[in-house]
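Visitor: Mind looking over this structure? Questions follow.
Read-outs: derived from the displayed coordinates by stated rules, not from any lab. Small disclaimer: the values here were computed from a predicted structure and weren't measured. Positions of Cβ are generated from backbone atoms using ideal geometry, with glycine treated the same way; all protein chains shown enter the neighbour counts.
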Amino acid sequence: MKKLIYNIVIAAAVLFGWTASAQNQKSLLWKITGNGLKSPSYLYGTVHVTCDATLEKPTIDALANTSQLYLELDMDDPKMQMTMMQGMMMKDGKNMKSMMSEADYKMVDAYFTEKLGTGLNVLGMMKPAMVSMLVLPSLMDCPMQSVETELMKVVAAQKKEVLGLETIQEQMAVFDAIPYQVQVDELVKSVKDKFEKDKKELEKMYTTYKTKDIDAMQKMTAESENKITSDYQDDMLNNRNANWIPKIETIASTQPTFFGVGAAHLGGPKGVIALLKKKGYKVEPVLN
């Protein structure tokens, strides 16, 4: 169960989208200076699921030149597993059974019983988007790796602290803002397709990430058939970006910090890079 929860934690951010701006260069690592900062901080676009999470030298150097790591979540929090389990459940005792036809319920139940050995009698009260993520590792043709995990390994060796820009409760609340029925409909659609489209999109996602081509990531998002990604950008990305900015400002003004967040959050007019620039910071790409 612990491994299952960890996989959900890693995979959850996949649903938080992949938007970016055509104005940005092909870089995942950005240096933050100016506006009174005594030392540079760094902003890095991560991918939560990939076949190769190897960190490049500029990224490792940036970690060495900062004093702490901030991810979206404090992923070394010992209370994470319990809090995540609580956050995965739908509110008000809702159950997927009331949101599906009888035929669809039987189909989804049979699929997860076969794949995971657990059916909707157990999973049916979970947020449907969370249930979809349980299949994620099986869609990959390689062992699942995470950039966040690699970042944490580096700072652990450096004996530096890992912290989070938001709490699990805040992140899980996003899936309460997106109608459960929309999530159920996407889950049913994926099961009917045996997650084939999801697998192709996942493969394209981590292949595109390796190219650092933010424009291609934008195009991919625009073409996604998943309504959770395409129709709820404010909930998944924009509102969270705006909430992070005052936190990033305060943290960076205190000590040089490495911020690692999903690549989706970097680009676009409402992305973290643009919002920091509006605040008067110089945010420039660090190129190999």
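Visitor: Setting aside same-chain residues fewer than 8 positions from residue 279, which aspartates and glutamates have a Cα under 18 Å from its Cα?
Guide: The reachable aspartates and glutamates, counting only those whose Cα sits under 18 Å from residue 279, are 249.
Visitor: While we're here: Positive end of the dipole of the chain, charges at C-beta (+1 Lys, Arg; -1 Asp, Glu), about the Cα centre: which of 191, 172, 65 has its Cα farthest in that direction?
Guide: Result: 65, furthest along the dipole toward the positive end.
Visitor: What FRET efficiency, computed as 1/(1 + (r/R0)^6) with R0 = 35 Å and r the Cβ-Cβ distance, is obtained for residue 245 and residue 79, rounded to the nearest 0.05? Display every interim value, and only then the final one.
Guide: Values: r = 26 Å, r/R0 = 0.75.
Calculated value: 0.85.
Visitor: Starting from the Cα of residue 115, draw a straight line to each of the lysines and keep only those under 20 Å, dropping any in the same chain fewer than 8 residues away.
Guide: Straight-distance partners of residue 115: 2, 3, 97, 106, 127, 189, 192, 194, 197, 199, 200.
Visitor: Sticking with this one: Just the number: Rg to Rh for the range 54-127, Cα atoms, Kirkwood Rh, two decimals.
Guide: Numbers: Rg = 19.8 Å, Rh = 15.9 Å.
Rg/Rh: 1.24.
Visitor: Sticking with this one: Whole-Hz ³J(HN,Hα) for each residue in the range 227-238, computed from phi via Karplus 6.51 cos²θ - 1.76 cosθ + 1.60 with θ = phi - 60°, x for glycine and proline: what do you get?
Guide: 5, 4, 6, 7, 9, 10, 5, 4, 5, 6, 10, 4
Visitor: Next question. Packing-wise, with mean Cβ within 10 Å as the measure, how do 66-72, 262-268 rank, highest first? Intermediate results must be reported in sequence, preceding the final value.
Guide: Numbers: 66-72: 22.3, 262-268: 26.3.
In decreasing order of mean packing, 66-72, 262-268 become 262-268, 66-72.
Visitor: Please determine, in degrees from 0 to 90 and to the nearest 10, the orientation of helix 196-211 with respect to the longest principal axis defined by the Cα atoms of the chain, where the helix direction is its Cα long axis.
Guide: Roughly 10 degrees, rounded to the nearest 10.
Visitor: Next question. From the residues 33, 44, 89, which one has its Cα farthest along the dipole of the range 21-106 in the positive direction, the dipole being from +1 and -1 charges on Cβ of Lys/Arg and Asp/Glu about the Cα centre?
Guide: Of the candidates, 33 comes out farthest on the positive side.
Visitor: Here's a follow-up. Roughly how big is the chain's charge dipole about its Cα centre, with Cβ charges of +1 (Lys, Arg) and -1 (Asp, Glu), in debye to the nearest 20? Mind showing how you got there, number by number?
Guide: Values: 34 positive and 35 negative charges, 118 e Å.
About 560 debye.
Visitor: Related question: Starting from the Cα-Cα distance between residue 156 and residue 211, subtract it from 0.36 nm times their residue separation and give me the gain in nm to one decimal. Kindly include the intermediate steps, with their values, before the conclusion.
Guide: Values: separation 55, 0.36 × 55 = 19.80 nm, distance 2.76 nm.
Value of the extension gain: 17.0 nm.
Visitor: For a bin width of 10 Å, list the pair-distance distribution of the chain built from all Cα-Cα distances, rounded to whole %.
Guide: Answer for the chain: a P(r) of 6, 29, 36, 20, 7, 1, 0 percent.
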